[in-house]
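Engineer: Questions regarding the structure given below will be posed in turn.
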Amino acid sequence: MLTKLLSVRYLGIFSGLLQRLSRVRRFTLFLTLGLSLSLAVSAFSPTNTSNAALTLVQNRASQEVVVRIGYQKAATILNAMKAKKDLEKALVANAKVTWTEFPAGPPMLEAMNAGSIDFGYTGESPPIFAQAAGTPLVYVAYDPWSPKAEAIVVPKNSPIKTVADLKGKRVAFAKGSNTNYLVVKALEKAGLKYSDIKPAFLTPPDARAAFEGNNVEAWAIWDPYLAAAVAATGARTLTDGTGLVSNRGYYLAAKSFVQKHPNALKTVLTQVKKISDWAQKNSTEVAKFLSPELGIDAAVLEVAEKRRKYGVLPLTKEVIAGQQQVADAFYKIKLLPKPVVVKDIVWQGS
């Protein structure tokens with residue numbers, strides 16, 4: 001109807017003029033009139049309106065930032081940050097956060113390799129194996145954790161008294177984990193080779209069952225599972241990480257996320273530091289928070305909390321060199337398929 005009205009109006013205005021013009025001028029005016037009508041009609045075209053709306057929606061969608069975080073229940077900071085929802089409040093209005101739980105660091109970084117998550121936290125060993133496998137990840141910060149927060153334990157009545165006594169014995173630990181490296185360094189100090197023991201590659205729940213069932217002679221494990229095992233079984237510590245390993249934790253991000261959303265990454269790290277500062281000063285509150293999450297008594301968790309450190313720190317040359325030592329040790333015992341250069345994937349942002 002609108003198109004018809006416009007056509008009638010234009011024809012009425014110009015009908016008188018057309019009678020007075022020459023043939024050439026008539027042709028020119030008809031051409032101009034045709035173009036004007038096309039523009040008028042197209043301006044009110046439903047198709048053009050729909051296209052404009054679609055373009056607007058597409059532009060908004062392309063600007064949306066989605067931060068996909070992988071976490072472990074025992075990884076205090078990210079778990080607490082998920083519960084508090086401070087990150088969602090701190091990000092810009094067109095951003096959203098998704099959370100995916102993982103049982104350990106290696107499967108988390110496999111998910112990062114598959115493009116399923118953008119950010120996560122693991123112990124020192126998983127990123128080394130991920131780098132060797134070609135995972136496009138970047139170290140963005142580290143957490144000092146604590147050498148005392150991991151140990152090699154044996155049953156309380158075990159005849160094993162020292163690390164040297166582990167020769168020929170079955171030792172449980174998660175393959176490629178921080179405690180895998182602890183075992184390597186502890187054996188080295190005791191004058192043994194990695195091949196002198198019988199590794200049993202088990203996740204913490206499976207290792208706990210094997211340990212209590214006397215299916216392994218020793219278990220290398222980290223807090224809070226370490227504190228829980230000692231409290232429940234009276235497990236005896238052969239050695240913790242003191243003097244052997246640094247036992248740092250690392251915050252990692254997908255390379256594509258760092259490149260596309262550096263400001264979002266900085267917001268994430270700011271919120272991680274905020275929660276980290278809170279956790280360092282409130283071990284009792286952290287224990288109460290984690291207790292229902294992990295199914296471990298709060299008093300036991302508080303033991304673990306009091307012997308660990310928190311922080312969100314930039315990677316220094318010293319820290320990078322320490323991580324390189326971990327990588328070199330795994331390559332030496334042939335757990336790592338090829339050598340890696342840690343500094344090649346350290347974030348250069350602030």
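The values are calculated or read from the model by the stated rules, or taken from the named source; none is laboratory data. These figures come from a predicted structure and were not determined experimentally. Cβ: placed from backbone, ideal geometry, glycine included. Neighbour counts: every protein chain shown. Only protein heavy atoms, including side chains, enter the accessible area calculation; ligands, DNA and RNA are left aside. Shrake-Rupley method; radii C 1.70, N 1.55, O 1.52, S 1.80 Å.
Engineer: Just to confirm my filter: which helices (runs of 4 or more DSSP H) fall fully inside the stretch 68-157 and include at least 3 residues that are in contact with a helix residue (DSSP H, G or I) (Cβ under 9 Å, 6 or more places away or on another chain) and farther than 19 Å from Val319 by Cβ? Lay out the reasoning, then the answer.
Structural biologist: Working: elements: 76-84, 86-90, 105-113, 126-132.
Here the list reads 76-84, 86-90, 105-113.
Engineer: Looking at Ala254, Ala209, which one is open to solvent by less than 70 Å² (accessible area, probe 1.4 Å), free of Cβ contacts under 8 Å to residues at least 24 places away in the same chain and aliphatic (A, V, I, L, M)? Walk me through it before giving the result.
Structural biologist: Working: Ala254 fails: free of Cβ contacts under 8 Å to residues at least 24 places away in the same chain.
Matching residue, one of Ala254, Ala209: Ala209.
Engineer: Residue check: is Phe129 more than 20 Å from Thr179 (Cβ to Cβ), surrounded by 21 or more Cβ atoms within 10 Å (Cβ to Cβ) and in contact with a Gly (Cβ under 8 Å, 6 or more places away or on another chain)? Reasoning before the result, please.
Structural biologist: On the way: more than 20 Å from Thr179 (Cβ to Cβ): no; surrounded by 21 or more Cβ atoms within 10 Å (Cβ to Cβ): yes; in contact with a Gly (Cβ under 8 Å, 6 or more places away or on another chain): yes.
Considered against the rule, which asks whether it is more than 20 Å from Thr179 (Cβ to Cβ), surrounded by 21 or more Cβ atoms within 10 Å (Cβ to Cβ) and in contact with a Gly (Cβ under 8 Å, 6 or more places away or on another chain), Phe129 comes out as no.
Engineer: Taking Lys334 as the residue in question, decide whether it is on the phi > 0 side of the Ramachandran plot and either among the basic types (Lys, Arg) or open to solvent by less than 30 Å² (accessible area, probe 1.4 Å) (or both). Break it down into steps so the answer makes sense when it comes.
Structural biologist: Values: on the phi > 0 side of the Ramachandran plot: yes; either among the basic types (Lys, Arg) or open to solvent by less than 30 Å² (accessible area, probe 1.4 Å) (or both): yes.
Yes: the conditions hold for Lys334.
Engineer: Still on this structure, I have one more. Could you please find all residues in the stretch 63-109 being crowded, with 18+ Cβ neighbours inside 10 Å and of a type outside the set (A, V, I, L, M, F, W, C)?
Structural biologist: If the condition is that a residue be crowded, with 18+ Cβ neighbours inside 10 Å and of a type outside the set (A, V, I, L, M, F, W, C), then Arg68, Gly70, Tyr71, Gln72, Thr76, Asn79, Lys82, Gly105, Pro106 are the ones that fit.
Engineer: For the condition open to solvent by 30 Å² or more (accessible area, probe 1.4 Å), of a type outside the set (Asp, Glu), over 18 Å from Ala75 (Cα atoms) and under 27 Å from the mean Cα position of the chain (by Cα), what is the one hit in Asn214, Asn263, Asn282?
Structural biologist: Answer to the check: Asn263.
Engineer: Spot the failing condition for Pro204; the list is (1) crowded, with 16+ Cβ neighbours inside 10 Å; (2) at pLDDT 95 or above, and only one is missed.
Structural biologist: The one condition Pro204 does not meet is (2).
Engineer: Go through (1) in contact (Cβ under 8 Å) with a residue 40 or more places away in the chain; (2) touching a strand residue (DSSP E or B) at 6+ places or on another chain (Cβ under 6 Å) and name the single condition Lys198 misses.
Structural biologist: It fails just one condition, (1).
Engineer: Please determine whether any residue of the stretch 269-277 is of a type in the set (Asp, Glu), loosely packed, with under 15 Cβ neighbours inside 10 Å and within 30 Å of Ala298 (Cβ to Cβ).
Structural biologist: Pass one, the stretch 269-277, residues of a type in the set (Asp, Glu): 277.
Subset that is loosely packed, with under 15 Cβ neighbours inside 10 Å: 277.
Filter again for within 30 Å of Ala298 (Cβ to Cβ), leaving 277.
Yes; the residues of the stretch 269-277 include at least one that is of a type in the set (Asp, Glu), loosely packed, with under 15 Cβ neighbours inside 10 Å and within 30 Å of Ala298 (Cβ to Cβ).
Engineer: Just to be sure before I move on: is Gly176 part of a loop (DSSP other than H, G, I, E, B), of a type outside the set (A, V, I, L, M, F, W, C) and farther than 21 Å from Pro126 by Cβ in the structure I sent?
Structural biologist: No, not satisfied.
Engineer: Name the pairs whose Cβ atoms lie under 8 Å apart, with the first residue in the stretch 138-167 and more than 21 Å from Gly191 (Cα to Cα), the second part of a strand (DSSP E or B) and among the β-branched types (Val, Ile, Thr), and 6 or more positions between them or separate chains?
Structural biologist: Correct list of pairs: Val138/Val346; Tyr139/Val346.
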